[in-house]
Amino acid sequence: MMDVHPDQARTLAAIVAHGSFDAAASHLSVTASAVSQRIRALEVAVGRPVLRRTRPIELTESGQAVVRFARQLEMLSADLADELQPTSTRPDTRLTLVINSDSLHTWALAGLAAVAGTVQLEILREDQDYSLDLLRSGAAAAAITATAKPAPGCTSRRLGVMRYLPVCTPEFAETWFDSGPTAEAFAHAPVIIFDRKDDLQDRYLRRFSRKILQPPRHYVPAAHEFGEAIRLGMGWGLLPEIEIDDDLDQRTLRTLAAKSFVDVPLHWQQWRYGSAVLDGVAAAIQDAARVLR
């Protein structure tokens, strides 16, 4: 039976969190030699390397599993402290979550606000197609992701579907789409892209034209400003349907093509062995996600 000592797991997590053996030693109030000895003993226990001594230090798959164990142990310890001190009103448990920008901007924050008094939250903003990397590495306890298949050591629950509509201002449409949303028009009309990881607009273009188009691009990496860039006529782009009801009603924005959209399924993935606090956050997120399709 494999025996991973909690101090060894915590030491590996500290190395990852603080970036080096020396920094981890300082954080743990031990010598750098003690940190090295713990990592060697840990690698003997698991029978394989847990990290790569590069700059920055990288975890192996085994190391990622150990770091998840260390973070889960930390959450369970916080649960125990809450049970032993039920009168304490201070939220001592800390959770790191990965949430994509559009979800955070439109619906997820309301769910997190409902549990803010019970937990200290660190929210990492990452595209839903890349959030699992942070979950696998142990950097986050839960994530909103586009992937239904659970990551190793995690569970997955469906939240719903975020529907995106291709929109622009009426004036922009008159300038660039006066003959309608044709492939030629899309090839020349400026488009707003969130960042270089964002392929949503290109996904829509491939579906619409059946070929790769390379229109002029503006990169605007913030959810509010992304929408404002479209409202100011800088270009067209895909916005969440739940964000733009008023814009469409007031005709400050218009869709480029009737019944044209991109659906992005969203799932909540979290560590399988979490804590009561993590389960409470999951329930609040699921409740807030009722606004999705």
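The values are calculated or read from the model by the stated rules, or taken from the named source; none is laboratory data. Quick caveat, the model's predicted, so the values are computed rather than measured. Neighbour counts are summed over all protein chains in view; Cβ atoms, including those assigned to glycine, are modelled from backbone coordinates with ideal geometry. Keep in mind that these areas ignore ligands, DNA and RNA; they rest on the heavy atoms of the full protein, side chains included. Shrake-Rupley method; radii C 1.70, N 1.55, O 1.52, S 1.80 Å.
Scanning segment 264-286 for residues that are within 30 Å of Pro166 (Cβ to Cβ) and open to solvent by 10 Å² or more (accessible area, probe 1.4 Å), which turns out farthest from the chain's Cα centre (by Cα)?
Step one: filter segment 264-286 for residues within 30 Å of Pro166 (Cβ to Cβ), giving 264-269, 285-286.
Then keep just the ones that are open to solvent by 10 Å² or more (accessible area, probe 1.4 Å); that gives 265, 267, 286.
Numbers: Pro265: 14, His267: 11, Gln286: 15 Å.
Looking at residues that are within 30 Å of Pro166 (Cβ to Cβ) and open to solvent by 10 Å² or more (accessible area, probe 1.4 Å), I get Gln286.
Only residues in segment 65-84 that are touching a residue at least 12 places away in the same chain (Cβ under 8 Å) and closer than 12 Å to Arg10 by Cβ count as the first member; pair them with residues that are of a type in the set (Phe, Trp, Tyr) and buried (at least 20 other Cβ atoms within 10 Å of the Cβ), Cβ under 9 angstrom, at least 6 apart or cross-chain, and list the lot.
Arg71/Trp271; Gln72/Trp271
Being modelled with pLDDT under 95 and closer than 18 Å to Leu165 by Cα is the requirement here; does Asp245 meet it?
Numbers: modelled with pLDDT under 95: yes; closer than 18 Å to Leu165 by Cα: yes.
It is true that Asp245 is modelled with pLDDT under 95 and closer than 18 Å to Leu165 by Cα.
May I ask you to list pairs of residues, at least six apart or on different chains, whose Cβ atoms are under 8 Å apart, with the first in segment 96-121 being assigned to a loop (DSSP other than H, G, I, E, B) and open to solvent by 40 Å² or more (accessible area, probe 1.4 Å) and the second being hydrophobic (A, V, I, L, M, F, W, C) and modelled with pLDDT under 95?
Thr118/Val277
Name the residue that is farthest from the chain's Cα centre (by Cα), counting only residues in segment 61-86 that are of a type in the set (Gly, Ala, Ser) and at pLDDT below 80. Break it down into steps so the answer makes sense when it comes.
First pass over segment 61-86, keeping only residues of a type in the set (Gly, Ala, Ser): 62-63, 65, 70, 77-78, 81.
Still in the running and at pLDDT below 80: 77-78, 81.
Values: Ser77: 25, Ala78: 24, Ala81: 29 Å.
Applying the filter and picking the extreme gives Ala81.
Could you please let me know if Leu42 is in a helix (DSSP H, G or I) and open to solvent by less than 30 Å² (accessible area, probe 1.4 Å)? Write out each step before concluding.
Working: in a helix (DSSP H, G or I): yes; open to solvent by less than 30 Å² (accessible area, probe 1.4 Å): yes.
When the stated conditions are applied, Leu42 passes them.
Which ones in segment 135-187 are open to solvent by 50 Å² or more (accessible area, probe 1.4 Å), in a helix (DSSP H, G or I) and out of contact with any Gly (no Cβ under 7 Å at 6 or more places or on another chain)?
Arg136, Glu174, Thr175, Trp176, Glu184, listed by residue number.
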